[in-house]
Amino acid sequence: MWHKQLGLLFLGMVLMNNLSAQQNEKILKGYLGVQGGESYTYKLIFTDSSGYLRGYSYTYLYENKEVKASISGFIDRENKTLSFKENNIIYNHGFESSTTICLINAVLKYQKTGEGKEQFSGAITSSDISNVYCGQGTVSFPYTEEIKQLTSLKVAEETPKPQLIKKPEKPLKVVYDTAAMSSSSKNISYFPAQPEQITSGTEKAIEWYSDSLVIQVWDGGKIDGDKLSITLNGAPLLNNYILAKEQKRIAIPLENGISELIFIANNEGNEPPMTANVWLVDGIRKHNLFIYNNIGKKARIKIKKVEK
């Protein structure tokens, strides 16, 4: 009798947890358009934990023919911006396309169309499972009550915000290196071919796995006097640095928790806006970014270190 009661209690707890998770799930349904003119129904089902999203995407023409992928992302409620990426394909049930099935990286914002309709949409880039660049496209969701609740500041205030790591009492140990890339750094795996564009209002969130953060920054275009500053949790890493063709390399230890990396445009040079090519190196992973902004504007990146 005792074991039976324990079994029933455990079953009840499992059912309650599952029910709670389902109640916290958000569902967004819209459309995915890719290069070549193809368009598909696109659906996200995810949970929101202090702005960090985890869940699944579904791409399909018909409900019984679909691709399911896992996703992770971040919601910036103040700027009404949703950033997410597909991490891996879970299954493909009879879905066929004239293009390669790729993993999506998207930044969506609230906007109005020419007809005055409200929607949540933005550009996407994509890569295959080997991180080879596939192409571009768009994702759009009608601005439903579900999205309105998801992006409202009232919801954000009721949800505990992630705590940034406190500024260290001692200065960060920062290592600078303006030498050319070594042959070993050229062979880093998981390198997206096309940079992801980051600017003010398009906050990006990254899950981090190694114990150090390596930043490589340079001007990949015309050298025109662009200047930027970089801070990590308020601590300066670079100040009014003039971007050059040579890469500036910064290596710093990264603690557990959530850190905020900020790129500040100090000077736009002769050809606005300020533009910078940035690699964020996480062990064998490399995040390829293109940052641009007008003077005084900030590009923010939240880094969540995964505890081992």
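What follows draws every value from the coordinates through simple rules; no lab data is involved. Note that the structure is predicted; figures quoted are calculated from it, not measured. Neighbour counts are summed over all protein chains in view; Cβ atoms, including those assigned to glycine, are modelled from backbone coordinates with ideal geometry.
Order these by the 10 Å Cβ neighbour count, fewest first: Asp226, Asp282.
Asp282, Asp226
With the radius of gyration and the Kirkwood radius both derived from the Cα set of region 249-308, what is their ratio Rg to Rh?
1.03
Within the set Lys222/Lys302; Lys204/Lys227; Lys43/Lys204; Lys43/Lys109; Lys117/Lys298, which residue pairs have Cα atoms separated by over 26 Å?
From Lys222/Lys302; Lys204/Lys227; Lys43/Lys204; Lys43/Lys109; Lys117/Lys298, over 26 Å: Lys222/Lys302; Lys117/Lys298.
Using a cut-off of 13 Å between beta-carbons, work out the net charge of the residues near Ile303 (Lys and Arg +1, Asp and Glu -1, Ile303 not included).
After counting each charged neighbour, the total is 0.
What is the packing order of peptides 269-276, 102-109, taking the mean over residues of other C-beta atoms within 10 Å and listing the highest first?
Ranking, from highest mean packing down: 102-109, 269-276.
With charges set only on the Cβ (+1 for Lys and Arg, -1 for Asp and Glu), what does the dipole of region 232-308 come to about its Cα centre, in debye to the nearest 20?
Dipole of region 232-308, to the nearest 20 debye: 240 debye.
Place +1 on the Cβ of every Lys and Arg and -1 on the Cβ of every Asp and Glu in region 238-308, take the dipole about the Cα centre, and give the residue among Ile303, Leu261, Leu243 whose Cα lies farthest towards its positive end.
Going by the charge dipole, the pick is Ile303.
In debye, nearest 20, what is the charge dipole magnitude of region 243-288 about its Cα centre with +1 on Lys and Arg Cβ and -1 on Asp and Glu Cβ, if you could check?
In debye, rounded to 20, region 243-288 gives about 240.
For all pairs of alpha-carbon atoms in region 190-266, what percent lies in each bin of width 5 Å, listed from the first bin to the last filled one?
3, 12, 21, 27, 22, 12, 3, 0
Calculate the spin-label point distance for Glu207 paired with Glu115, positioning each point 7 Å from the Cα along the beta-carbon direction, and give it in nanometres.
Once both label points are built, they end up 3.8 nm from each other.
Quick one: if you stick a label point 7 Å off each Cα along the C-beta vector at Ile295 and Lys29, how many nm between them?
5.0 nm
Can you give the local net charge around Leu238? Use residues other than it whose beta-carbon is closer than 12 angstrom to its beta-carbon, Lys and Arg +1, Asp and Glu -1.
Net of charged neighbours comes to +3.
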